[in-house]
């Protein structure tokens, strides 16, 4: 029988980039993946920071199955249904925006599109500011804000006009805000595709102060960093900063395609009915899975687990760094950790060696020099230790 990769070459577009072109899986359970060859892999990619409750968590599966038997689709534009409203009520209790209202979509890119549309529509200003090295998605508006890898933009320009890409320097940013009609400034509190680089607290506080000074909406892209990954629901809670618009996706529904933006009821009231929408956004099954995801994270204390095991992981990685100076930097919050080798070839070799030995990890950064350490938030200490053992074995062979 032909391998999936061989079959796929005939029918799947080659535009898709793969971390491991010939890696095949048939099942996921908890922190593990099972290959088509029945080999067991410890998954520290979590579907690119998506499967925070692990693969196929029983409560999430049960919630989705129950919803499947009742209502698969109707569209919120046609009729109200419980899972959409219940999810919004539940998220309203955990987002760092008071009296928040929500718009649901299907992905992180769509959440960014919705955020920039809300910013422009509500302020009647054309300008948008993004920070150099950020990733906000691949749809056209989101791509116009993305510079984590310039190849993402190749062949698609001209992109959306009135977009300013700023160095992460408060003086430079103030010059842009002061001299242009800017609707919103979007940023990732921790760069995702840009290399898992956290911004200093004083910089984040400075952004909030500048945007308030010049009447610009502050848009926080917490698509990868949100939903408990750093030990709080959202990174900005670490710094007591409240954004005007919050973008959420990835871990929101444990792998079901769902995105959202949150903003105050006052700001949302400036968005006229029909000025944005979508057929599949807030699908009943995806919303049911998201409700179960939040419940699991609360009942199983996964935010606390992210804080504790994140701290443990960084301590153990620092010990490895002393033994293996090929590691140049370790950074991040909670279980969103970047291990920087400043050498893409070394990082690639380590990633491949880890896969051979049953550990799935993936790179990040403009040149792929950083390895992401992002296990499901249900991970246990012994699984961290198992991963680090495989990781160190790879370090010894580079």
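Assorted remarks:
- Residues of the range 365-391 that turn out to be more than 12 Å from residue 313 (Cα to Cα) and in a loop (DSSP other than H, G, I, E, B), as a count: 8
- Criterion applied to 62, 79, 100 was being over 21 Å from residue 254 (Cβ atoms) and touching a helix residue (DSSP H, G or I) at 6+ places or on another chain (Cβ under 9 Å), and the one residue passing it is 100.
- Members of the range 286-300 found to be surrounded by fewer than 20 Cβ atoms within 10 Å (Cβ to Cβ), in a helix (DSSP H, G or I) and either within 19 Å of the chain's Cα centre (by Cα) or touching a residue at least 40 places away in the same chain (Cβ under 8 Å) (or both), listed by number: 295
- Every residue from the range 126-139 that is surrounded by fewer than 20 Cβ atoms within 10 Å (Cβ to Cβ) and either over 20 Å from residue 179 (Cα atoms) or touching a helix residue (DSSP H, G or I) at 6+ places or on another chain (Cβ under 8 Å) (or both): 126, 138, 139
- Cross-chain or 6+ apart pairs with Cβ under 7 Å, the range 216-236 first and at positive phi, then part of a loop (DSSP other than H, G, I, E, B): 227/52; 227/233; 228/52; 228/377; 231/334
- Scan of the range 321-345 for residues that are within 22 Å of the chain's Cα centre (by Cα) and either in contact (Cβ under 8 Å) with a residue 60 or more places away in the chain or not assigned by TED's automatic domain parsing to the domain that holds residue 389 (or both), ordered by number: 331, 332, 333, 334, 335, 336, 337, 338, 340
- Residues of the range 247-264 include none that is surrounded by fewer than 19 Cβ atoms within 10 Å (Cβ to Cβ) and at positive phi.
- The listed residue being in contact (Cβ under 8 Å) with a residue 12 or more places away in the chain, surrounded by 15 or more Cβ atoms within 10 Å (Cβ to Cβ) and either within 18 Å of residue 258 (Cβ to Cβ) or not assigned by TED's automatic domain parsing to the domain that holds residue 295 (or both), out of 23, 34: 23
- Residue 72 being surrounded by fewer than 15 Cβ atoms within 10 Å (Cβ to Cβ) and more than 23 Å from residue 300 (Cα to Cα): yes
- Of residues in the range 353-374 being under 22 Å from residue 38 (Cβ atoms) and touching a residue at least 24 places away in the same chain (Cβ under 8 Å), the one nearest to the chain's Cα centre (by Cα): 361
- Comparison of 309, 333, 353, 303 shows that the only residue that is more than 22 Å from residue 225 (Cα to Cα) and surrounded by 17 or more Cβ atoms within 10 Å (Cβ to Cβ) is 353.
- When the residues of the range 150-167 are filtered to those that are surrounded by fewer than 16 Cβ atoms within 10 Å (Cβ to Cβ) and in a helix (DSSP H, G or I), the one that is modelled with the lowest pLDDT is 150.
- Filtered by the rule that a residue be within 16 Å of the chain's Cα centre (by Cα) and in a helix (DSSP H, G or I), the range 86-113 gives 108, 109, 110, 111, 112, 113.
- The helices (runs of 4 or more DSSP H) falling completely within the range 2-81 that include 2 or more residues that are within 25 Å of residue 105 (Cβ to Cβ) and within 25 Å of the chain's Cα centre (by Cα) map to 46-49, 58-68.
The values are calculated or read from the model by the stated rules, or taken from the named source; none is laboratory data. Not measured: the values here are computed from a predicted model. Using ideal geometry, Cβ is built from the backbone for each residue, glycine included, and neighbour counts are taken over all protein chains shown.
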